[in-house]
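Shown next, in structure tokens, is the structure this report addresses.
What follows is calculated from the coordinates using simple rules that are stated; it is not laboratory data. Everything quoted here is computed from the prediction, not taken from an experiment. Positions of Cβ are generated from backbone atoms using ideal geometry, with glycine treated the same way; all protein chains shown enter the neighbour counts.
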């Protein structure tokens with residue numbers, strides 16, 4: 001490649017055509033990579049980049065920014081000027097991708113801007129430190145925090161979840177994306193520890209998606225615990241041959257009685273009634289029963305999405321998913337559902353959930369274990 005010369009630079013300065021400057025701007029990164037750092041050729045490319053950074057035409061500066069957004073061979077001062085350019089078209093590529101911007105540069109940028117687009121770009125960086133997470137959360141912008149939650153490389157910690165709950169407790173998208181993170185298992189216990197977070201997830205997320213005729217309740221205190229012996233007897237009448245219409249009739253009846261709840265789902269899983277559980281989710285999310293059964297069979301992200309769209313309390317999601325995985329494991333091993341062996345095995349899983357301090361495991365697990373062992 002023919003390297004740029006000072007003659008080329010002089011001609012560029014005298015050429016009034018923006019298209020010529022755009023062409024040179026598009027080649028800056030290639031020349032940076034080709035010229036040895038510290039060489040005269042490298043310094044020339046840097047000088048041209050400085051000149052183009054001050055160009056009055058946005059398209060010239062944008063082309064330069066897009067070209068050098070991932071470069072490590074440009075002076076940080078030039079990168080900072082682009083990162084704080086008045087045009088988003090120039091600043092966003094640098095804010096999102098530049099490896100030359102550290103927390104030291106990014107924190108002041110976050111503090112000095114209210115532009116959601118710029119905060120979003122920072123939230124989408126390849127790595128977002130705990131310090132940057134804190135600064136972004138403090139901007140109190142739900143779309144920015146939701147974007148941060150979607151970024152698997154954002155180093156969210158317990159203190160961040162607590163602060164999100166305090167500042168944005170009633171914003172559905174934030175908690176939905178937090179629930180779907182790949183590190184959900186790591187986050188879920190501390191997520192549900194916060195009362196404000198529980199209310200945000202239970203009231204706002206659930207209400208946004210669910211049928212208006214839901215009347216189910218969930219356990220918050222032992223005084224509201226359902227009669228598990230009575231519910232177990234109801235569920236025992238269901239067999240694999242039970243028509244779907246008959247099962248749905250039972251679900252509607254349980255709903256009218258205020259018994260359609262996460263705790264009922266856990267009891268049904270302990271009995272191996274996965275088809276019944278799928279039918280409950282189908283009712284709550286307007287999915288087909290077959291789709292709901294597929295989600296239950298996988299117990300993965302799709303199941304979490306389905307659960308969040310249901311009216312069942314999201315405070316119970318970690319425990320429900322734990323018990324669903326246990327149910328799937330026993331079914332895969334060929335343990336017959338609705339048998340003494342199945343129920344006692346599931347009781348052991350509930351005890352394991354208690355030992356792991358999964359949210360509500362002891363509150364719900366203790367009376368269910370007693371019921372299963374009768």
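A few comments on the model shown:
- Inter-label distance for residue 288 and residue 352, nm, one decimal - labels placed 7 Å from Cα along Cα-to-Cβ: 3.4 nm
- Contact order relative to length of the chain, as percent, for alpha carbon pairs under 8 angstrom and 6 or more apart: 10 percent
- Each residue of the chain gets 175 Å³ once the volume of the Cα convex hull is shared out per residue.
- The separation of region 317-334 from region 339-362, counted between C-alpha centres, amounts to 10 Å.
- For region 265-374, the spread of Cα positions along each principal axis, largest first, Å: 35, 29, 20
- Extent along principal axes [Cα atoms of region 35-173; Å; largest to smallest]: 55, 28, 21
- Taking 130, 38, 272 as the candidate residues, the one with maximal mean-square fluctuation in a Gaussian network model of the chain, Cα springs under 10 Å, is 38.
- Compared with the dominant Cα axis of the chain, that is its longest principal axis, helix 244-256 is turned about 90°.
- 0 to 90° range, to nearest 10: angle between helix 103-112 axis and the chain longest Cα axis: 80 degrees
- Projected label distance in nm at residue 241 and residue 26, using a 7 Å step from Cα toward the beta-carbon: 7.3 nm
- In summary, region 1-101 shows an alpha-carbon radius of gyration equal to 0.98 times the 2.2 N^0.38 Å reference for compact globular proteins.
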